[in-house]
Amino acid sequence: MESIRSFSDIRQLIEGKNASCEDIVLFYLKKIEENRHLNAFLEVFSEESLQRARIIDQKIQQGKAGRLAGMVVGIKDVFCLKDHKIQAASKILEGFVSQFTATALQRLLDEDAIIIGRLNCDEFAMGSSNENSAYGPVLNAADNSRVPGGSSGGSAVAVQAGLCTVALGSDTGGSIRQPAAFCDVVGIKPTYSRVSRYGLLAYASSFDCVGVFSSNIEDNALVLEIMAGADEYDSTVSRSEVPAYSKNLLWNGPAKVAYVKELLDGDGVQEDIKQNLSSSLQMLKEAGHEVIPVSFPLLKYALPTYYILITAESSSNLSRYDGVKYGYRTRDAKGILDMYKKTRTQAFGEEVRRRIMLGTFVLSASYYDAFYTKAQKVRNLIRAEAIKILTEHDFLLMPVTPTTAFKLGEHNKNPLEMYLADLFTVQASVAGIPAISVPNGYDANNLPIGLQIIANYFEEEQLYQFANTYFSRS
Amino acid sequence: MESLQSMNYELVVGLEVHAQLSTQSKIYASDATIFGCEPNTNIGVITLAHPGTMPKLNKKVIEYAIKMGLACGCEITRYNIFCRKNYFYPDLPKGYQLTQDKTPICMGGGIRVNGQHGEEIYVRLNRIHVEEDAGKSLHPEGKAYTQVDLNRAGVPLIEIVTEPDIRHSADAATVLTEVRKIVRFLGICDGNMEEGSMRCDANVSVRPIGSDVYGKKVELKNMNSIKQVRQAIDHEVSRQLKLISEGKTIVSETRTFDPVTGASFSMREKEDLNDYRYFPEPDLSPVRVTEEWLEAIKKSMPELPDTLKRRFLNEFGLSEADASFLSDSRDVASYYQELVSFTKNYKAAANWVMGPLQTLANEKGLSFSDIELKPGKLAELINFIDEGKITYTMAYQQVFPVMLEKQNISVASIAKDLNLVIESNTDALKTLIQQIACKYPDKVKEYRKGKKGLLGMFMGELMKETKGKADPKIATNLLKEVLEETS
């Protein structure tokens, strides 16, 4: 077992009786050990995953194993797993143990996936470089001096470095797609409401999506089809049927592919990335697809709209971390107000505090209409504009990021500079439409470049087919 | 002392009534809602606001709220968006209360009552919305800490907000009594103010009569009974009038009523109130009230006190007082209604319910639904009296107690066993004959003088009284006996 890249590798090993699940887990545990310096894992469930592997090996022998038998999954530290810690890489949840398992995770467990550990991320999923973790930054495996992106940096690197088969992440404004692009892996943000959020620690509820990192499209499609669908514990989740994405991954016939011409003309985007997109468009044209420039005048409003709304929601979502019921509580409080202030000041990181304050500000009575109400209106306009483009075209192609992976410490002095890393990912988040980031080559420094393919609501099947047919490495 | 009359002022009151809904489980979680459990026993992960939890709406809550809305003639909102009301407090686990803001489930409508002088008053409702209750903070005396009990956190509430249409403290009490009557009738809340399952805040202001602007409003809290609401308003009126007469200004504030002294003290001024930063709850889908659902709820509605009273007045010809009494509680009303389905003597039925049955209920501490005597059985007795087989006094004093003991024996056989049935009961017949004799003193004299043929006439009278049920042989003997002995 020199390397395992995908679930089909694992299945072959198991079916050929060349390896057991236990062997697979041992393989990953060794890799994790060898790559400690990447700081991808916050906690490794070594014993437990071996134990579970042995049980699944028995099930395989008895012919009773589920569809994900042998798959080893890492989870971002924002998913609840019964009797396990969940901290969102924050000190404020120190010592907290979840009493239940997230719906999405439970569905994977029911198909005999093995959870190998909790993955590092930006604190409360707030960040674009994984430098906001209370447990230190994650390093990009392609270049250890560079960030893996964020907030699901640990998840991206875990797949990039082959520390697990797939990893779960959450994407609020690009937290899956951006690190996927920086780390040369596949990452999907499904349609908002496609996957239950029950058991996903909330950041900005009307944006948060559960998604998947994988080394290839097939694994990604399989995991999503198992996780997605209605859930009685999340009233916001869609009841529409979930297609078997992994069954048919081939795109047939000509597609109408849109791209935003302002992006290729304007500044602010790394030249290599522009060229990368242009050559992909050229390739598609040659393959017989219709490639159409479109205009998206509201694109420049997507980022401010996004930051107003997500800070508003997160300021409220994070109110529960108050030191009263669980997690960290300051030791030297004089009275309740003092306890709140000290607990939250001591245990939340700087970026989290900044967003709580921003969110509280935009929701305050005097500024509510100027910020929150207006941003909601703009959100509706952006949504309408996106739907219009995606009704007239099959896909919208965009870069995932304005630059390739930047250096650790390069942008963390100026938050606004960091927020620009989300420039191209927030649009799909604001609109709630599905988008996938696929590896699409390298820049002059040999750093990975991702390509973003966006489709209309609930068109994950089409996304997977198109991406697999034209942007698959195998 | 200043009074409203002496200063030519009027009182303006609006009420905010919180009613805890008597659903089995909480509004957004499956935890139980039972009152009086050990602290922190009905608290699952949703109630505790653990990370990753989301609200799971209990549809019964919406149904109960709609029932209240229909009872008050409100417009029912078809698309309900829930909102977060954000503030920090130890007994508020999420750091926000999940409530309704811009789309309350019920809008408009009103409560109709009779004012203190009997005049009809209609108090408009501004809204009724659903929300979750908070937990309880307990401050043990002499301790430097606070304890939090989250059993109550997430218990469903409706908040009923009236317009400032009330002009007398007595009317405020009447409106509150009516609200309690309705929620109890609907079976959506037990209306127990002492246990806090119904709570009332009063917004009180005064203004010169004829003015069309409202005075500065003071919110009164912490009244634990309807009587206290009235007391608190009266006290507040005096306080405000005194301030005005002294040339001082009234501050918009929240004041807590002290049940011991009857006075109130200031909690906080409105100016430094929280900014609650309401926004639509993204973790809960808006709830659509479909036509079918609404129709089903309408069908399940019981007849309400007001409608019942009207029907009792018009259909059964009862007096105002009787109709009020019988429509006051759902148990009594349904007992009465079942009773009159077995007898046409509506007035007698009313008297039985308000008299012997109410006495029984009071003595035994029973509610009407717990009374074992079936209305059909009681109707048998009423009809028995109407048929002249037994007198009311006998029925009440002798048959009724036996009926309460023995459910399966017919009224006729009880009466027979007790030898009470008129036709064979010599005492009863004798009484009747004596009454007849008194009615016709001349005929009695004639009979005694020897005109024995008059016996037939007396027999006729007796048969008329007993509807022909008297045993002729016994009757003849008794007649002779009585007529003879009067001499």
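The values are calculated or read from the model by the stated rules, or taken from the named source; none is laboratory data. A quick note: this is a predicted structure, and the numbers were derived from the prediction, not measured. We place every Cβ from the backbone using ideal geometry, glycine too, and count neighbours over all the protein chains shown.
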- Scan of segment A:42-66 for residues that are part of a helix (DSSP H, G or I), touching a residue at least 40 places away in the same chain (Cβ under 8 Å) and in contact with an Asp or Glu (Cβ under 6 Å, 6 or more places away or on another chain), ordered by number: A:A53, A:I56
- Looking only at segment A:222-247, and only at residues there that are in contact with a Pro (Cβ under 8 Å, 6 or more places away or on another chain) and more than 14 Å from chain B (Cβ to nearest Cβ), the one that is nearest to A:A102 (Cα to Cα): A:A228
- Counting only residues that are among the small types (G, A, S), touching a helix residue (DSSP H, G or I) at 6+ places or on another chain (Cβ under 9 Å), within 14 Å of another protein chain (Cβ to nearest Cβ) and surrounded by fewer than 24 Cβ atoms within 10 Å (Cβ to Cβ), segment A:96-142 contains a total of 0
- With respect to B:A19, determine if the residue is more than 24 Å from the chain's Cα centre (by Cα) and aliphatic (A, V, I, L, M). no
- Restricted to segment B:131-149, and to residues that are out of contact with any Lys or Arg (no Cβ under 8 Å at 6 or more places or on another chain) and not in a strand (DSSP E or B), which residue is nearest to the other protein chains (Cβ to nearest Cβ)? B:T146
- Query: With respect to the numbered conditions (1) away from chain A (no Cβ under 14 Å); (2) part of a strand (DSSP E or B); (3) buried (at least 22 other Cβ atoms within 10 Å of the Cβ), which one is the sole condition not fulfilled by B:R112?
  - Reply: (3)
- Note on the structure: Of the residues in segment A:148-168, those that are on the phi < 0 side of the Ramachandran plot, outside any helix (DSSP H, G or I) and crowded, with 24+ Cβ neighbours inside 10 Å come to A:P148, A:G150, A:S151, A:S152, A:L163, A:C164, A:T165, A:V166, A:A167, A:L168
- Mind counting the residues in segment B:440-452 that are without any contact (Cβ under 8 Å) to a residue 12 or more places away in the chain and not in a loop (DSSP other than H, G, I, E, B)? 5
- Those residues of segment A:204-215 which are surrounded by fewer than 24 Cβ atoms within 10 Å (Cβ to Cβ) and more than 9 Å from every other protein chain (Cβ to nearest Cβ), in sequence order: A:S215
- Filter result (more than 9 Å from chain B (Cβ to nearest Cβ), outside any loop (DSSP other than H, G, I, E, B), crowded, with 17+ Cβ neighbours inside 10 Å and not hydrophobic (A, V, I, L, M, F, W, C)) within segment A:302-332: A:T305, A:Y306, A:Y307, A:T311, A:S314
- Find all pairs meeting these conditions: Cβ atoms under 6 angstrom apart; at least six residues apart or on different chains; first residue within segment B:453-475 and more than 18 Å from B:N419 (Cα to Cα) and in contact (Cβ under 8 Å) with a residue 40 or more places away in the chain; second residue among the aliphatic types (A, V, I, L, M) and assigned to a helix (DSSP H, G or I). B:E465/B:L432
- Query: Within segment A:362-369, is even one residue acidic (D, E), surrounded by fewer than 20 Cβ atoms within 10 Å (Cβ to Cβ) and within 14 Å of chain B (Cβ to nearest Cβ)?
  - Reply: yes
- Does segment B:107-117 include one or more residues that are under 19 Å from B:I188 (Cα atoms) and in contact with a Lys or Arg (Cβ under 6 Å, 6 or more places away or on another chain)? yes
- Can you name the residue in segment B:39-69 that is away from chain A (no Cβ under 14 Å) and either outside any helix (DSSP H, G or I) or among the β-branched types (V, I, T) (or both) and, of all such residues, is farthest from B:P104 (Cα to Cα)? B:T41
- Query: Which one of B:E372, B:E380 is in a loop (DSSP other than H, G, I, E, B), within 22 Å of B:Q337 (Cα to Cα) and not assigned by TED's automatic domain parsing to the domain that holds B:F185?
  - Reply: B:E372
- Item | Residue satisfying condition, being assigned to a helix (DSSP H, G or I), in the same structural domain as B:T307 (by TED's automatic domain parsing) and within 27 Å of B:P302 (Cα to Cα), within set B:F400, B:F325 | B:F325
- Query: In segment A:339-349, what residues are away from every other protein chain (no Cβ under 12 Å) and either assigned to a loop (DSSP other than H, G, I, E, B) or farther than 17 Å from A:N317 by Cα (or both)?
  - Reply: A:K342, A:Q346, A:F348, A:G349
- Message: Would you confirm, using the coordinates I've provided, whether B:F82 is closer than 26 Å to B:E163 by Cβ and within 12 Å of another protein chain (Cβ to nearest Cβ)?
- Response: yes
- Query: Looking at segment A:2-42, which of the residues that are farther than 30 Å from A:E123 by Cα and among the basic types (K, R) is surrounded by the fewest Cβ atoms within 10 Å (Cβ to Cβ)?
  - Reply: A:K17
- Item | Residues of segment B:328-360 classified as hydroxyl-bearing (S, T, Y), in a helix (DSSP H, G or I) and within 16 Å of B:F400 (Cβ to Cβ), total | 2
- With respect to the numbered conditions (1) modelled with pLDDT of 95 or more; (2) touching a Phe, Trp or Tyr at 6+ places or on another chain (Cβ under 6 Å), which one is the sole condition not fulfilled by B:N222? (1)
- Query: From the list A:S235, A:S279, which residue is crowded, with 17+ Cβ neighbours inside 10 Å and hydroxyl-bearing (S, T, Y)?
  - Reply: A:S235
- Among helices (runs of 4 or more DSSP H) completely within segment A:187-297, the ones holding 2 or more residues that are touching a residue at least 60 places away in the same chain (Cβ under 8 Å) are A:217-227, A:271-286
